[in-house]
Amino acid sequence: MVKLRWMGRRRLLKSVDAGRVKEAIVGAERRTSGEIRVAVSSVFWGDVYKAAGRAFDRLEMHRTRDHNGVLVFVVPMRRRFVVLGDSGIHAKVGQSFWDHVVESMAGRFRTGDFTEGLVHGIATIGEELSKHFPYEAATDKNELPDDVDFDP
């Protein structure tokens, strides 16, 4: 998790090209059996990690066949985001990979380029997923939606 200086949710939503983020997810998932989701959360009280865990459960990220789902959870009003990988991918890449993804995304977020930060993070995650969970045309199916989830 990284604390960022950035705008409120409404301005963030206006500055993020959700279509481009979805295209990045679709493109990344063409190379892997893994699943990637992006969720943008409204204001809430409590721990951001716990909220990310609840979103992970709500979005059924844990239901992937190989436990290789990854969630990018963004909380604009709290100026935080978290990248969570399910047990299958976390066992392959370890914490240092997630730290690298977070730092590379945070750098782009700090400059105000939120779409590029998300697209870059998704591409990095997709590349790593493809190494450990390659796409298998005969058996792969899109297990989770690719749309950005905007929590009410």
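Any chance the range 41-60 includes a residue that's outside any loop (DSSP other than H, G, I, E, B), under 20 Å from Asp17 (Cβ atoms) and out of contact with any Phe, Trp or Tyr (no Cβ under 6 Å at 6 or more places or on another chain)? Walk me through how you get there before you give the answer.
Going through the range 41-60, the residues outside any loop (DSSP other than H, G, I, E, B) turn out to be 48-58.
If we keep only those that are under 20 Å from Asp17 (Cβ atoms) too, we end up with none.
Checked against the condition, which is being outside any loop (DSSP other than H, G, I, E, B), under 20 Å from Asp17 (Cβ atoms) and out of contact with any Phe, Trp or Tyr (no Cβ under 6 Å at 6 or more places or on another chain), the range 41-60 yields no hits at all.
Within the range 61-72, the set of residues being under 18 Å from Asp149 (Cα atoms) and crowded, with 16+ Cβ neighbours inside 10 Å comprises Met61, Thr64, Gly69, Val70, Leu71, Val72. Within the option set Asp47, Asp17, Asp57, being surrounded by fewer than 23 Cβ atoms within 10 Å (Cβ to Cβ), within 17 Å of Asp149 (Cα to Cα) and free of Cβ contacts under 8 Å to residues at least 24 places away in the same chain holds for one residue only, Asp57.
If the condition is being over 13 Å from the mean Cα position of the chain (by Cα) and under 21 Å from Val75 (Cβ atoms), then the range 117-152 contributes Asp151, Pro152. Anything in the range 115-152 that is assigned to a helix (DSSP H, G or I) and farther than 25 Å from Gly94 by Cα? List them, or say none. Of everything in the range 115-152, just one residue is assigned to a helix (DSSP H, G or I) and farther than 25 Å from Gly94 by Cα, namely Thr115. Screening Phe56, Phe81, Phe97, Phe133 for residues that are touching a helix residue (DSSP H, G or I) at 6+ places or on another chain (Cβ under 8 Å), modelled with pLDDT under 95 and not polar (S, T, N, Q) leaves exactly one candidate, Phe81.
Per-residue answers, yes or no, for (1) among the aromatic types (Phe, Trp, Tyr); (2) touching a residue at least 40 places away in the same chain (Cβ under 8 Å); (3) open to solvent by 50 Å² or more (accessible area, probe 1.4 Å):
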site	(1), (2), (3)
Val74	no, yes, no
Arg78	no, no, yes
Gly88	no, yes, no
Val93	no, no, no
Val102	no, yes, no
Thr111	no, no, yes
Thr115	no, yes, no
Gly121	no, yes, no
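The values are calculated or read from the model by the stated rules, or taken from the named source; none is laboratory data. Remember, it's a predicted structure, so these values are computed and weren't measured experimentally. Note: ideal-geometry Cβ built from the backbone for every residue, glycine included; neighbour counts use all protein chains shown. When the accessible area is computed, the model is the full protein with side chains, heavy atoms only, and any ligands, DNA or RNA have been set aside. Shrake-Rupley method; radii C 1.70, N 1.55, O 1.52, S 1.80 Å.
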